[in-house]
Amino acid sequence: KALQAQIQPHFLFNTLNNLIALNQMGERQRLEDSLYEMSEMLRYILKAPSLIPLAMELQFLKYYCALQKLRFNDRLSFEILSKAGEEESIMIPKLLLQPIIENSVLHGIEPCEHPCHIRISIQNTEEYLVMRVWDNGVGFDTGILWGNSIGLNNVRERLKSFSPNGKMEIKSTIGKGTETIIMIFREDMEDNT
């Protein structure tokens, strides 16, 4: 239940306001597509089990970023690159990456005046499933990171619970952006499935 609360109410309110604007502008197809994305996203949050296939998480992130793009228009672009293979059979904790992307939007992109990009990339290595979230937003001082971020602390704790040998790293440069790397130890994944 606490995990389901990760989607911030302001995101939902902003999305609903954007949907109203699309309706007022008569953009029926964009409105219909956005309503579909939002309903699929909410279905996933409320009904998917706590461990889900990587493919489901990536589809959720696509919907989430598309709805954020409604708000930012040309100021936000995103891409999802997966070289993991086996996306249907790799199981991960639900909503593991969403709080990281939400932080990118709120703290990296929202204060930016230039167009920003989010890249989500997934790669399998012999030892780890490596998931990276990169943005070219405003960046921040990583020295003050863990004290105030409920979302990131939640991700770190859930990663530790799912993959005791996993790792989470955050690199950021003020004025250049942020990269978050989550590494799930493959043997831990096998123990959880």
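The values are calculated or read from the model by the stated rules, or taken from the named source; none is laboratory data. From a predicted model like this one, the values you see are computed outputs, not experimental measurements. Cβ coordinates were reconstructed from backbone atoms using ideal geometry, including for glycine residues, and neighbour counts include every protein chain displayed. Just so you know, the surface numbers come from the protein's heavy atoms only, side chains and all, with ligands and any DNA or RNA stripped out. Shrake-Rupley method; radii C 1.70, N 1.55, O 1.52, S 1.80 Å.
Observations on the structure shown:
- Normalised by 2.2 N^0.38 Å, where N is the number of residues, the alpha-carbon radius of gyration of segment 51-128 equals 1.17.
- Gyration tensor verdict on segment 78-193 (Cα atoms; rounded if a/c is under 1.5, prolate if a/b is larger than b/c, oblate otherwise): prolate
- Once the GluC sites (Glu not before Pro) in DSSP loops with at most 12 neighbouring Cβ atoms within 10 Å are cut out of the chain, the longest remaining piece is 1-85.
- Dipole axis of the chain (+1 Lys, Arg; -1 Asp, Glu on Cβ), positive-most option in 130, 13, 41: 13
- Accessible area expressed per residue, the chain, with surrounding protein chains retained (probe 1.4 Å, Å²): 52 Å²
- Straight-distance crosslink candidates among aspartates and glutamates, where the alpha carbon sits under 13 Å from residue 176 and sequence neighbours closer than 8 are dropped: 113, 135, 141
- MRE, 222 nm, helices only [DSSP H, n ≥ 4, -39500 (n - 2.57), over the chain, to nearest 500]: -13500 deg cm²/dmol
- Sulfur and carbon atoms: percent of accessible area, the chain [1.4 Å]: 51 percent
- Length gained when the stretch residue 13-residue 75 is fully extended (0.36 nm per residue, less Cα-Cα span): 20.4 nm
- Percent RCO, i.e. relative contact order, over the chain, from Cα pairs under 8 Å lying at least 6 residues apart: 18 percent
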